[in-house]
Structure formats: structure tokens, C-alpha cells
Amino acid sequence: MATTNNFTFGVDVHPFTLNFPFIDEDNLVVTLDGVVKTLDTDYTVINKTSNTAAGVGFLSGARIQFTADPLPSSGAVKVVRDTNLETTSTFKTGSAIRAVDLNSNFTQNLYVTEEISNNAILTDGSNAFDGDLNMGGNQITNLGTPTANDNAVTKLYVDSRLGSLEVPGFTRWS
């Protein structure tokens, strides 16, 4: 299930309709042109329908309404569900186990699992990056031979192609 929606002011109809459920409004991260916006200051969540089957949260179809006056005429809006990882219900020995608590824990676990799945780097390449990858000083190893202009290459590949190429203004040291 998708846990991210992308909209564009001036192209998509505002308020923007979410196509995923969520537990709480605080679990939504809303950005406009990459800048995080604040709930109840920059936007509100309207048209929420309670998820009565799960006993917790809201169904898809809620809408993000920006409160700026005037509204932006253009700009990229990204809404990401980021479910809180802290447990919502704790079960104690001898206490009653209520269906609403079990449903709440299951729904929270389901949403977190969906978010991890949607943000994972998949080995088949089907889940593309949507930001820069910081390698933290680590190396990328075992690259194949490039077959397209935008493929990564190894140092050995570059050295073998450039050889002893003289670069004007630079002295080659051995």
C-alpha cells in the first residue's frame, strides 16, 4: 500500500485527498517544496472518516488543506505517513484483552510494516531512491561494467580509459 502522496499546486485539486489510512494526524509529514509544514499552522486535515473496523485511526480519503492566504499558485507537496513506533496498548497478566486494543496494535504494526516496505531498497530495483544516498564514508564495491551513460564506474575502469592522459594545468606524479 502507498504511504506517500505527491501533489502539485496549480495542477492537482486542493485540498489534496490522501489515498492511505493513518492513525493520527501527527503521523503525517507534509512538505511544500521540501520544507516541512506544521499541522494547524500551515495546514489542517479535513474530511476524516474514523476507521471503525480497526477501532483506531482514519480511513483513506482525508484531505490536506493548506491555510495560507493566498494559497501558493505552484509548488510540490509531499505527504508521507510516518507511524509512531511506540506501542499504543500494553497487556498485563490477568487483565482483560479487549478487541479494540488488539486491533489498535495490529493496525499500528501493519502501518509501520507498510512504511518500511515502501521505503526499503529492493534488490530488483523496483523501489527507486527519492533523495541522495549518503554512504557515510563507505565504498560501493563490485560494480559491473557500464553499459549506459548514467551507469556508475569503478576507479579501475576510469584509469584504464584515461591511462596517462595529460590534463592541461596539472602535473602527473608517479
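The values are calculated or read from the model by the stated rules, or taken from the named source; none is laboratory data. Computed from a prediction, not measured in an experiment: that's the story for all the values here. Glycine gets a Cβ as well: all are built from the backbone with ideal geometry, and neighbour counts include every protein chain shown. Surface accessibility is based on the protein's heavy atoms, side chains included, excluding ligands, DNA and RNA. Shrake-Rupley method; radii C 1.70, N 1.55, O 1.52, S 1.80 Å.
All other residues with a Cβ under 12 Å from the Cβ of Glu114 taken together, and with Lys, Arg as +1 and Asp, Glu as -1, what is their net charge?
Net charge around Glu114: -1.
Which ³J(HN,Hα) values, rounded to whole Hz and listed in residue order, are derived for region 66-75 from phi using the Karplus coefficients 6.51, -1.76 and 1.60 in 6.51 cos²θ - 1.76 cosθ + 1.60 with θ = phi - 60°, glycine and proline given as x?
Whole-Hz 3J(HN,Hα) from phi for region 66-75: 6, 9, 4, 10, x, 5, x, 8, 8, x.
Once a ≥ b ≥ c are taken as the square roots of the eigenvalues of the Cα gyration tensor of region 95-156, is the result rounded (a/c under 1.5), prolate (a/b larger than b/c) or oblate (a/b not larger than b/c)?
Note, shape of region 95-156 comes out prolate.
Do me a favour and compute the ellipsoid semi-axes for the chain from its Cα gyration tensor, root of five times each eigenvalue, largest one first, whole Å.
45, 25, 14
Skip the ligands, DNA and RNA, and give the accessible area per residue of the chain with a 1.4 Å probe, whole Å².
71 Å²
Quick one: net charge around Gly75, please, counting Lys, Arg +1 and Asp, Glu -1 for every other residue with C-beta under 13 Å from its C-beta.
Details: positive: Lys37, Lys78; negative: Asp12, Asp33, Asp42.
Residues close to Gly75 contribute a combined charge of -1.
Go ahead and estimate [θ] at 222 nm for the chain from helices alone: -39,500 (n - 2.57) per DSSP H run with n ≥ 4, summed, over the residue count, rounded to 500.
Theoretical 222 nm ellipticity from helices: -5500 deg cm²/dmol.
Given Cα pairs under 8 Å that are at least 6 residues apart, what percent is the relative contact order of region 11-84?
Value for region 11-84: 45 percent.
Along the charge dipole of region 44-174, which of Gly137, Ala152, Ala120 sits closest to the positive end, that is, farthest toward it, with unit charges on the beta carbon of Lys, Arg, Asp and Glu (+1, +1, -1, -1)?
Ala120
Quick one: dipole size for the chain, taken about the Cα centre, charges +1 on Lys/Arg Cβ and -1 on Asp/Glu Cβ, in debye to the nearest 20. Each step should come with its number before you reach the end.
Values: 10 positive and 19 negative charges, 59 e Å.
Dipole about the Cα centre, nearest 20: 280 debye.
Compute the angle between helix 99-119 and the longest alpha-carbon principal axis of the chain, please, reported from 0 to 90 degrees and rounded to the nearest 10.
20 degrees
DSSP loop chymotrypsin sites (Phe, Trp or Tyr not before Pro) in region 75-174 with at most 13 other Cβ atoms within 10 Å of their Cβ, which ones? Mind dumping the intermediate values first?
Details: sites: Phe91, Phe106, Tyr111, Phe129, Tyr157, Phe170, Trp173; in loops: Phe91, Phe129, Phe170, Trp173.
Answer by residue number: Phe91, Phe129, Phe170, Trp173.
Please report, as a whole percent, how much of the solvent-accessible surface of region 47-174 comes from carbon and sulfur atoms (probe radius 1.4 Å).
Carbon plus sulfur share of accessible area: 53 percent.
What does the net charge come to around Leu39 if you take all other residues with beta carbon closer than 11 Å to its beta carbon, with K and R at +1 and D and E at -1?
-4
What's the longest bit of the chain with no exposed trypsin sites (Lys or Arg not before Pro), using DSSP loop states and at most 13 other Cβ atoms within 10 Å as the test?
That would be 1-91.
With an 8 Å Cα cut-off and a minimum separation of 6 or more residues, compute the relative contact order for region 1-152 in percent.
The normalised contact order for region 1-152 reaches 26 percent.
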